[in-house]
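The values are calculated or read from the model by the stated rules, or taken from the named source; none is laboratory data. If you're wondering where the values come from, they're calculated on a predicted model, not measured in any experiment. Every residue, glycine as well, gets a Cβ built from its backbone with ideal geometry; the counts of neighbours run over all protein chains shown.
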Amino acid sequence: MISNSPSRAADRGQPMPSERMTAAEWQALLTQHDPTANKHHAKRTFYDGIWFDSIAESQRYAELKLMQRGGLITGLEVHPVYQLEDCKYIPDFRYTENGVTVVEDVKSPSTKTPVWRLKWKGAKRIYTEVDWRVYP
């Protein structure tokens, strides 16, 4: 019986034999650099209407939202801007805990870059009334 339906390979979404890559083409594809890839392998996450640079950052936001709902903290802000002498520093969170302003940055060891360290130290030097924290 002859059928007018597509072949089985095409039916499964697989390329037809004439459309398959050679081994060299596959290796070239694997070695292509993705310019949007994060060098720290963090996955950008969209949560509660906000873009976060990592899953850990979005999870910390969820924890802080619960703390705010429970009355442990107030005034939770995401990505506040601090003006330094010649640049801006944008930490992950700012909130008030027991009457003290807390600024928090979610960092893994690989994201504590020399540029981040300079900005962190500069912000701590200028904004001395703030409790600066690195999470975790």
- Message: What pairs come out if I take residues in region 113-133 that are closer than 16 Å to E97 by Cβ and pair them with residues that are among the hydroxyl-bearing types (S, T, Y) and outside any loop (DSSP other than H, G, I, E, B) whose C-beta lies under 6 Å away, six or more apart or interchain?
- Response: V130/T101
- Query: Based on what the data block shows, is E129 modelled with pLDDT under 95, surrounded by fewer than 16 Cβ atoms within 10 Å (Cβ to Cβ) and not in a helix (DSSP H, G or I)?
  - Reply: no
- Of the residues that sit in region 37-70 and are more than 19 Å from R133 (Cβ to Cβ) and assigned to a strand (DSSP E or B), which one is nearest to the chain's Cα centre (by Cα)? T45
- Query: Which residue, of I90, I73, I50, is aliphatic (A, V, I, L, M) and touching a His at 6+ places or on another chain (Cβ under 6 Å)?
  - Reply: I90
- Listed residues Y95, Y47; which is aromatic (F, W, Y) and either touching a strand residue (DSSP E or B) at 6+ places or on another chain (Cβ under 8 Å) or in contact (Cβ under 8 Å) with a residue 60 or more places away in the chain (or both)? Y95
- Note on the structure: Going through (1) part of a helix (DSSP H, G or I); (2) at pLDDT 95 or above; (3) not charged (D, E, K, R) one by one, A28 fails only at (2)
- Name every residue in region 76-126 that is part of a loop (DSSP other than H, G, I, E, B), surrounded by fewer than 16 Cβ atoms within 10 Å (Cβ to Cβ) and not small (G, A, S), in order of residue number. H79, P80, V81, L84, E85, D86, C87, I90, N98, K112, T113
